[in-house]
Amino acid sequence: MKAKDLMSPVTQYLTPEMTLCEAVTTMREIKRSHGLPIKGMLVKNERGTVVGILSIKDILAAVIPSYLSPDISIFSWENMLEEMTARAADKQVADIMVKKVFTIDADAPLMECADLMIKKGVQRLPVTDGDGNIIGIVYIRDIFDIVADYLSKGGQKDGTC
């Protein structure tokens, strides 16, 4: 199986000038084949060049500072969250997106996709055609589902783990 066999097509992108609020709204509206919202999107500039990727992890990091201690539970989480999201809502996608986007060729085997995802610590991998254009994305969840199917079939003689 190759990247092109498992990839989901990419039809929508974020822009660097979008606010975090606009990006979140866009991400929540787009659904994958399983019906759930996507967890990350590619970012294209006005020239149509992919300049980054924004994930829910990046959004959470922009809203909730890493220096906050879990010991602050004596304060009202709701009030803090409301204040933190209000401050982050107008940040631009360009300010928080990951600018280094790793890609994989459409004809690359899934083992190569999985290896790159693990080594680079990414959850989604844009798939390129022979001209370097992004034509889809392979998600780590989809690779996991294939691995899980093989594990469950080969774990025991009765087909269970």
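The values are calculated or read from the model by the stated rules, or taken from the named source; none is laboratory data. Predicted, not measured: the structure shown is a model, and the values here were computed from it. Positions of Cβ are backbone-derived with ideal geometry, glycine not excepted, and every protein chain shown enters the neighbour counts.
Is there any pair with a first residue in the stretch 12-38 that is under 17 Å from residue 48 (Cβ atoms) and a second that is at pLDDT below 90 and not hydroxyl-bearing (Ser, Thr, Tyr) whose Cβ atoms are under 8 Å apart and which are 6 or more apart or on different chains, and what are they?
Matching pairs, first to second residue: 12/30.
Hey, could you check the stretch 77-101 for residues that are surrounded by 11 or more Cβ atoms within 10 Å (Cβ to Cβ) and of a type in the set (S, T, N, Q) and say which is modelled with the lowest pLDDT?
So, considering only residues that are surrounded by 11 or more Cβ atoms within 10 Å (Cβ to Cβ) and of a type in the set (S, T, N, Q), the one modelled with the lowest pLDDT is 85.
Search the stretch 1-55 for residues being small (Gly, Ala, Ser) and surrounded by 12 or more Cβ atoms within 10 Å (Cβ to Cβ), and hand back the single one that is farthest from residue 92 (Cα to Cα).
3
Just one of (1) without any contact (Cβ under 8 Å) to a residue 40 or more places away in the chain; (2) under 25 Å from residue 20 (Cα atoms) trips up residue 124, so point out which.
It is condition (1) that residue 124 fails.
Go through (1) at pLDDT 70 or above; (2) part of a loop (DSSP other than H, G, I, E, B); (3) hydrophobic (A, V, I, L, M, F, W, C); (4) farther than 30 Å from residue 113 by Cβ one by one and return the number of the condition residue 68 breaks.
If we test residue 68 against (1) at pLDDT 70 or above; (2) part of a loop (DSSP other than H, G, I, E, B); (3) hydrophobic (A, V, I, L, M, F, W, C); (4) farther than 30 Å from residue 113 by Cβ, just (1) comes out false.
Restricting to the stretch 19-55, name every residue that is out of contact with any helix residue (DSSP H, G or I) (no Cβ under 9 Å at 6 or more places or on another chain) and of a type in the set (Val, Ile, Thr).
Correct list: 25, 26, 30, 49, 50, 53.
Does residue 61 satisfy being at pLDDT 80 or above and surrounded by 14 or more Cβ atoms within 10 Å (Cβ to Cβ)?
No, not satisfied.
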